[in-house]
Amino acid sequence: MFNKIIIANWKMNPDNREEAEKLASLSDREGVVICPPFVFMETVLKAVKKGKVGAQNCFCEEKGAFTGEVSPLALKNMGCEYVITGHSERRNILQETSENVNRKAKKTMNLGLKTVVCVGEKKECKCDERDYENAEYIKKQLQESLLETSPENLIIAYEPVSAIGSGCPIPTYIAKDRMNFIKKVLIDIYQIKVDDEEDIASVDINIPILYGGSVNKDNASSYLYDAGFDGLLVGGASLNGEHFQKICEKIKK
Ligand code: PGA
């Protein structure tokens, strides 16, 4: 079992250092990982005392002639401990493939960075039914993104695209169903020995699985405790310090 973890994905916000500093101080708390844009990495690293800092992306090589890219080794050397890979906005807007995600994840996990690999159904899927086709889509994303990796330093974020930034989170029971499906796929990928695969909800596979997609202070508890996710990946609601503090308060001691 893990302590619950809450990751703040600021995306391309805010637009100035003063706000980044203020938001980082307000959000700083044990169990919280703040992922700012690269330009504010140093500012946030200085402001954060209790929590951790992560990157929203990085390149799959440590250094060299890769104009505009960011080295995972440089991130690590600066004090960054987490990296998000394969966020759906990168997959959909920037055409990042699971193969790209796999190259990055291999590199960051080997460097000892906690690597958050994001997966989730396509936008068209409204997640109002437990349909086979969309579950298969997630399975393929996992198999391709995690090819030839070991589960050490791995965190999975389940984010149905229809729920991201839409204000329409998916029902807890469907999220829970998907989490258990993801667990089964991970058991298969890493050949994890489990005693009772029938009771998948209570099986501990030692890989944290987070939920993301329109998380707010009112629904955070249900994903953490009713569905049983190991944590949350929070976008929009992490940009309001007071609101984010209320989400963080849901982590039971
Ligand atoms: P959201 O974003 O909380 O604004 O839906 C989540 C994410 O994209 O990680």
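The values are calculated or read from the model by the stated rules, or taken from the named source; none is laboratory data. Since we're looking at a predicted model, the values are computed, not measured. No Cβ is skipped: glycine too gets one built from the backbone with ideal geometry, and neighbour counts run over all protein chains shown. Remember, those area values only see protein heavy atoms, side chains included, never the ligands or the DNA or RNA. Shrake-Rupley method; radii C 1.70, N 1.55, O 1.52, S 1.80 Å.
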Between ALA55 and residues 5 or more places away or on another chain, the pairs with built amide H atoms under 5 Å apart involve TYR82, VAL83, ILE84
Nearest-0.05 FRET efficiency for LYS140 and LEU94 at R0 = 22 Å, using Cβ-Cβ distance, is 0.70
For the chain, the accessible surface attributable to carbon and sulfur atoms (probe 1.4 angstrom, ligands and nucleic acids excluded) amounts in percent to 47 percent
Surpassing 24 Å at the alpha-carbon level, of the pairs LYS176/LYS217; LYS107/LYS246; LYS140/LYS193, are LYS107/LYS246
CD proxy, 222 nm, the chain: helix-only mean residue ellipticity via -39,500 (n - 2.57) per DSSP H run with n ≥ 4, per residue, nearest 500, stands at -10000 deg cm²/dmol
Charge tally for neighbours of ILE207 with beta carbon under 9 Å away, counting Lys, Arg as +1 and Asp, Glu as -1, is 0
Result for segment 5-252: accessible area per residue, probe 1.4 angstrom, in square angstrom, of 48 Å²
In whole µm²/s, the translational diffusion coefficient that Stokes-Einstein assigns to the chain, given a Kirkwood hydrodynamic radius over C-alpha pairs, 37 °C and 0.692 mPa s, equals 181 µm²/s
Hull surface over four for the Cα convex hull of segment 77-226, reported in nm², is 9.4 nm²
Between ASN16 and LYS63, the FRET efficiency computed from the C-beta separation at R0 = 45 Å comes out, to the nearest 0.05, as 0.95
Place a point 7 Å from the Cα of LYS193 in the direction of its beta carbon; the residues of segment 150-179 whose amide N falls under 18 Å from it are 151-152
